[in-house]
Structure formats: structure tokens, C-alpha cells
1. May I ask for the angle, rounded to the nearest 10°, between helix C:41-56 and the longest principal axis of chain C, with both axes built from Cα atoms and the value confined to 0 to 90°?
2. List, shortest first and in nm to one decimal, how far the label point of residue C:155 (7 Å from Cα along Cα→Cβ) is from its counterparts in the other copies.
3. Would you calculate the convex hull of the Cα atoms in region A:200-290 and tell me its volume per residue in Å³?
4. Give the relative contact order (percent, whole number) for chain B; include only Cα pairs under 8 Å separated by 6+ residues.
5. Based on Cβ point charges of +1 for Lys and Arg and -1 for Asp and Glu, what charge dipole magnitude is obtained for the protein assembly as shown about its Cα centre, in debye rounded to the nearest 20?
6. Solvent-accessible area of residue B:192, probe 1.4 Å, all protein chains present, reported in Å² to the nearest ten, please.
7. Would you please give the residues with an amide H less than 5 Å from that of residue B:121, counting only those at least 5 places away or on a separate chain, with H modeled from the backbone geometry?
8. Tabulate in residue order the Karplus-calculated ³J(HN,Hα) for region B:308-318, using 6.51 cos²θ - 1.76 cosθ + 1.60 with θ = phi - 60°, rounded to whole Hz; enter x for Gly and Pro.
Amino acid sequence: MSEQFDDHSGESPFTDSVFPDSGSAPTLKGRSVVTLDDIPLPRIEDLLDRAAYIDSHRREVAHTCDGRVLATLFYEPSTRTRLSFETAMLRLGGQVIGFAGAQLASVSKGESISDTLKTVSNYADIVAMRHPKEGAALVASRAASVPIINAGDGGHMHPTQTLTDLATIRARKGRLTHLTIGMCGDLTFGRTVHSLISTLCRWGHVDFVLISPDELRTPEYVLERIDASPTCTYRETSDLGGAIGDLDILYMTRVQKERFFNEDDYLRLRDTYILDEAKLRSAKSDMAILHPLPRVNEITTDVDKDPRAAYFEQVRNGMLVRMALESALLGDELPGYETKMEVEA
Amino acid sequence: MSEQFDDHSGESPFTDSVFPDSGSAPTLKGRSVVTLDDIPLPRIEDLLDRAAYIDSHRREVAHTCDGRVLATLFYEPSTRTRLSFETAMLRLGGQVIGFAGAQLASVSKGESISDTLKTVSNYADIVAMRHPKEGAALVASRAASVPIINAGDGGHMHPTQTLTDLATIRARKGRLTHLTIGMCGDLTFGRTVHSLISTLCRWGHVDFVLISPDELRTPEYVLERIDASPTCTYRETSDLGGAIGDLDILYMTRVQKERFFNEDDYLRLRDTYILDEAKLRSAKSDMAILHPLPRVNEITTDVDKDPRAAYFEQVRNGMLVRMALESALLGDELPGYETKMEVEA
Amino acid sequence: MSEQFDDHSGESPFTDSVFPDSGSAPTLKGRSVVTLDDIPLPRIEDLLDRAAYIDSHRREVAHTCDGRVLATLFYEPSTRTRLSFETAMLRLGGQVIGFAGAQLASVSKGESISDTLKTVSNYADIVAMRHPKEGAALVASRAASVPIINAGDGGHMHPTQTLTDLATIRARKGRLTHLTIGMCGDLTFGRTVHSLISTLCRWGHVDFVLISPDELRTPEYVLERIDASPTCTYRETSDLGGAIGDLDILYMTRVQKERFFNEDDYLRLRDTYILDEAKLRSAKSDMAILHPLPRVNEITTDVDKDPRAAYFEQVRNGMLVRMALESALLGDELPGYETKMEVEA
């Protein structure tokens, strides 16, 4: 690739200074979404409202994007994310083209991301792009003449996963604030966890319980992000069983073997962070369990039937927020939907 | 994969005791189809009726599945089968998502089939799944909240291939009974042959002629299945030329090199089981030649123009039975179709 | 593959003797398009008219191919070409099935192209096929019972690329004759260049300027093709800067490293054939720059904003001519379109 992704500094991916959280909330029509950080909170809440509306009005919205074409450009494979984006467009009446990992060779032939996006802008009305390199989505959004949705770029941003998590928290608890939220597992490398914390801190009024082995603690810049929010707190612990009783939300993540120096550490620690029905006995009856999936063994399958398990409805919420986002960026109004946002001048 | 496919014993795949061939025939709506063995014969006949109806009412049925989404989950590649399932859904007005072999890595990441199916149940209304492991389709059907169609699991079942064969026999001969049916080629490993024999034995009144080299004879449990049907008979022979004159149907299969101990045996035997116009001179003028395809060289191309060649219309029948099955499992009624089945209470 | 592609002699791919450029222009409905050589010029002009009509009547033509299915059979990957064909069908209201490179193994299993096409003819209404072997498209067109579009077969033909180039020239200059057209870069192996020259010579009245290093000069049979057209001329040069001032069209192609004996030659020559704003200062203000893409570095990105750059609108024209061709071969009339052709008896 000939481009320099010089837009990314290699430091904290959070651009704290540009939260436009007050004032007007300009329409998303025609915009690209590389990160949630520059989308005003009322606009994010409106997307969650739209997702909920879509869920209860499937038939009414089935032709919202008639005649539209989504391109899914997946430079690294991520089948579940790709299927979610594609289903979202099909359920809105649109169509899908694209490529995934295996076919990459044929796309590149040394072509720059910018040229690929300029080409695809002639085919599609909107693009969902996943790329292993940080900053790729930003480069793409500048080259394209149609909206780009970042479907994950390296360890960087994955805004629709965060929207999915927010939608699930709100659906279960009715709110995004005044919650005690446990994050459990690999908190060092867990991109989804960092992004969710950062976004929740914009609303504030969340107490985070950060549950991980010492080897996989939360990075300093994430802790600083929480500190910068006057109404948020955090505490770190390595004891899931001791912390679970306090939680309104438990967000589980995978503990990957390759993060450890030796097998013994891995095996010892892994079992500590497996959620099962025994551990759940200490939890609140209305706690909600989230997981970005795929799960390997960090939640036992007997938990699936527990009414607190929310990770498969999280999948449905993922499709719904992508329907909301795709239609909003295209400027295709959902029939019958009325926003609760104050309308900008 | 963490699951045990403990539903499959490793012995005969036929569950003879559960043929519900008499009495009521409950609707297929919402069901999964892992095998044909538990579908009552009147219901199978109704599927064949539907396929024939679809063929003559393409325009009328073109919107039967509007708004539906089929997921094709092909854990091993089988492009022709996948394209058949996908075309079937598109021709009914529905849409398609999915993945095929090459993209497998990205799906699994150690995820169980059950979790994948629980996820995909949130995207699709119906799933066609192919998997190299016996029993995978059954596991999938239990996890999914939408109908699963088994598109082949290992050497086990492939019910839509059998439906395809039945549709072609009935289209050519007007009936499924009172026929002399030759099976020729690799009868040891030919999954399609075993499944077709088993299903035909449920109606009975078929005389099977099992034509193969000694090295590739029909397994004992298949012969026992025929014996268990009081109105069916079989005889084994290694002489295609000598048997062909008696046949109403000749079902050809590939003889694969790797089944033989040495090259000489393979070359000698292979030629014996090649169907050409010379051998066809001894056959009845209304015999029908079937082949599950792909063909390599076991039928010479000069036979393609022979009116007895039915293997390319078999391809069309394959699409038609899949249209019939997909719409039936979804409960989407074919406009204008009236069943000949006695309606259940 | 068991077939012999004995239809291709291995010599000049041009069949000069069969240009039916005068007289009637029979409809394209139901035809295959392996090459442009046997399509009468008025019919090619009509396809360009249709492409222009489609561009200004997107909404009106959006249901032209409702209920149709296109199969894209890409035996070698070419993502941008595949996406163009697929988008074209979707924008006409049709649907798409298919496979690409990575999934090839599963298609073949030793099956002949003829058998694959006979199979796919049961699924699709029209096929776009790309294959690494010369002559494959012709073999396919004979086996299939639906129209085949050759999407590239080896170094041979790629008719929709030539249509794309013609559409772009006509859109920019208002005509296809009385032009000075520069071809620059690898003129030895550049299939698109050879095909474009050959087709333009049928109309005549073009002066070609053939700009290449000595190592990559135009083959003799292409020069002979120009000589055979009484109203066309050519001159060869290795000096892009010296020739650029004369040109109405500059068609750039890649100079690939592997064409050279040594790295030094490559580096020296490559820079000579890079188009940048400095070189463009000597060019006419209304010259149009074409490139079949993907570009590596033979046109600098600062040229992209120059109004003479036509290579990204070439991408759009590629989709439009494919829409025109697909609908014409299917016999699906574009609503409101009236041909300027004299109607044949």
C-alpha cells in the first residue's frame, strides 16, 4: 500500500478534545462514520431509538433502502460482522456487493485504498469496510464520494460494535447512566471494552469494575479517560466472584492463550474468568451479561438459558443498529419514525 | 469444535424404526430437515408436487418469499449445491447471505456450531448448511431458532439430493414404484445411492440392480434395508452391459481412482463402467439416465444428446425441489397451489 | 479440464475477415458476446447510446431486469470486474449468484467448462465468465443455453473493457473518429490496448501514437491491423513528453516490472512513462486521460483532480455499458429508450 496513514499518531486513539456533546446535532446524511467520538450524544441516542423502532416495525421499514447498494469491503475476514452489515441492508430492501479476505489479492494488485474507494464509489451508495491497518477507514472516507462505515480497523475503532453494546445495555436497563458496569477478561487488548468505556464516559455517571488478571489490566490511557469524566469511577480487581454481586452489567471478553508467557499461567487464570451458573448465584437477578462473541469457553453453555444472558440478543441489536446507521447515512427516512431529538436549525 | 456429535452412532445412518409412513402428515412449517427419514411419504410426494407446480408457474411464485433471507453456511465448499439453494431463494423473491469454505477460518475462531447457528438465527429466516462432519446438521437444528436444511454432512445425509433424484424419476416415469432401477459405479461410498435406495424402499415395489466392481459393492446395511422391504428385491452384478436392457432407470456415479489399491485395477474397471452410446443400444428406449454430477468421464459426452439423458434436467429439478422445500419450511404458501394430500386434522 | 480449446489458433486473435460492418444489425437478444469483432458497428453504437440513456434515467431503468439472475463465474479473481457486472445487474433490478477464484476447487472437481455451463444455465438467465485460458468463453457460449458475456479469457478478449473505453472516448470527445489517440506504456502485452485499436480501426479515421519503451513495442499483427484500415495511421515513439501535445486521448497502461530483464532498465524506463502534472502542461486543455485501472504509480495522484483525468468516470462508464449489454442480451427493453439505429427488416 502506497499510502501513509499519517492521520493516526500511534498514541491514544481517543480525540478527547473534539466531543461535540452539546449544542446542535447535524444530520448524519452523507457522512462517514470512522469513530463514534465525533458524533454528538443526542445523535447516538437517536440511532438507538431508530434501532428500537426498526425492531418493532420490521414490515414498515422493509423498503426504506429500495434501490440502494451496500459494498462490504473486508480486507480481513470477519464473517459475523460482514453478515450483520449485509443482512441489515437486505432487511431494508437494498442490495449487497463486496469481497472478503480470501479475494483480497485480486483487489489490491498494488492499488491504494484511495483508488479502490474511488472505484467502489461508482458502484455502491454506501460502504462497510474492515481493514487490518489502523487509520485505513479514515483514508477511505476521504477518498470515497459515498459514506463509509468503519467495520473495524486494526486495534483501533469499531463503532458499530459499540453501538451494539449501547443498544443492549439500554434495552436491558432502560438507561446508559447510573449503572455499575463490570468489564471482565482481557482488558489490555480488548478493543470493544476500551471503546465502550470511552463512549459511556461521555454520558458519565457510570461506575466501572475492571476485572482481569494482573497480566491483562486496563491500559493507563483508558483509566485516564475515566478519570477525566467527573461523574465516573473505576476500581480494578482480579476477583470476578467477589465483584459480581455489585454489577448491573457484566461485559465478558475472551482470555486468549497467546497473551500469556506460559501455559500454566493461562490455565490457572482462564478458569478464574469463566462465567458459570455457580458464579451467577451471587449476581443480581436483573444483571445483564454481554459478550461481543465469538465465545470460546469463557461463558459455559448452561448460562445461555439464564434470563440474564443477553449476548445472543446483542447479535440482533447489532443488526438493528446497523440498519439504523445505514439508513441514516443514506438519508433514507424510516417510514413513521419521529425523532425525539430537538431538531437543529 | 467443542461439541460431541453424540447423536450419531457411527453405525447405520438409517433409523428404520421411525418411518412415520402412515397416519397424519403434519405441516413442514418451521421444521428443520436433517434427513428425509422422518418426513411422511405423503409430505414428500407433496414436495414433489410443489416442485412440479413451481416449474409451470415461475411467474406466479416469484414473490412467494419476498422479504425472506436464506443463509448458506458451507463449512466445506460445494459450489453447485450452494448455487442451487441460493437460486431457489432468489427465484422465490427472497435474498441470500452466507459464507463458503474459503471464509471458514473467520467464522470459527473456535466457535461452536451451536453458537454460530444461534447467531445466524438472528439474521436469516432459514439456513442451508453443509459440513464435513456427520451429525453437524442435527446439532445445528437444535441450536437454531429457524429451520435448517441439511445440505450434506459428511458421508451421512443429503436430503435435497434425494428429493432431486425422486423428482427426476417421477418426472420421467410418472411414478416412484414398479420400476427396475440400476445403480452403477461406486456403490460402497456413494452416499446419494444409499439415501435414494433407502427412501425408495419406503414406498416399496422397486427391483434394484446393483452394478459395481467387486471392490465397490453395496454395503451390507443397505442390502438389509432392501430385504426389510417386502416388495423390493435386488441383485448384484459387475456387468453393466448385461444388465442395462432390464432397466427403467440407470443411476450412474463416479468411480474414483483413490478407491483402488493399484492403477491397473482402476484402469481396467473404469472403462467397464463408462456409459456410451454403444452400451445404450441395448437399453430400453424410455430408460432414464441419472447422475448426481459432477461427471468426469463415466458418461461420454455423446450421450448428452440422447433423449434418455436426464442428468441436466436433474439439475433443474434440484433447484425446483429446493424452492418447494424452502417455501414449505418458511410456511410461505405458493400462490394458486392446491395440495393433493389429505389435510390433517 | 478435458476440453480442447481448438477454436483458438494461437495466432492473431483478430478475425479480420468477419467484420459485418455494413448491412443489417440483428438484435443482440439471446446472443453471447465472446468478442466485439462480430457485433456490427451500428449495434455497438446503440449499446453506447443505451449506456448514456441509462446514466440519465437511473430511476426509470431500475426494474428493467426484475426477476432475472446473473451468474458471475470467475475462474480467476478479478474483483473490480466482477463487482461491475454484479452492480450492473442489481441496478437493473436483477439478482446475482456466482463464485470467484478462491472457490474454484469446488467447482471443477475435474468437471468440464461445458458441463458447468450446462448446469448454470439451469440457474441463471445470463452469465459473465472470466477464465485464464484463451478460448474458454467460446467453449462456454456453445454449451450454455443462456447468453454468456466474456469477462476476459487469458490474454485474449475482454469486450466489456473495450466498450468501457469507447463509451469514455465518446463521452469526452463526442465522437470515435477524427481523433489522435496516444497509447502509452506496455504496448506488447496490453490486451486492452490491442482490443481498443482493433475496434477503433473498424470505424477508421484515427491517428494512433504508440508510446512505449523499445522493450514493450506494439506487436506486428496490431500494426498490420492499423495498416489494413485505409483511413488510420500510426507512429511509434518512446518519448511521452514529445508526443503528448498532439493527443486528443491519452490511454495510459501499467509498465510491469516483470517484463524487464533487469531492475535498472525497469527503474530508468518506468519514470519516463509516469504521467504527472509537469508533463500535462504540454497537453491540450481538452485531452482526456484514460486508464483501465488498477493504477500503481504510472499516473501521479495530483493528476486525479485535473479535469482531463477521465479514469474514474471510466469506472462508471464500465458499469453503464454492462447494464446496457446485460439488458440487451436478455431482451429486456429499457423503458423510454428509442434506438437511433435503422431498424432491420
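The values are calculated or read from the model by the stated rules, or taken from the named source; none is laboratory data. Just so it is clear, the model here is predicted, and its values are computed rather than measured. Note that each Cβ is placed from the backbone with ideal geometry, even for glycine, and that neighbours are counted across all protein chains shown. Side chains included, ligands, DNA and RNA excluded: accessible areas come from the protein's heavy atoms. Shrake-Rupley method; radii C 1.70, N 1.55, O 1.52, S 1.80 Å.
1. Rounded to the nearest ten degrees, it is 90.
2. Those separations, rounded to one decimal, come out as 4.7, 4.7 nm.
3. It comes to 104 Å³ per residue, whole-number rounded.
4. This gives 21 percent for chain B.
5. Magnitude of the dipole: close to 1540 debye.
6. Solvent-accessible area, nearest 10 Å²: 20 Å².
7. B:145
8. Result, rounded to whole Hz: 6, 5, 10, 6, 7, 6, 4, 4, 5, 4, x.
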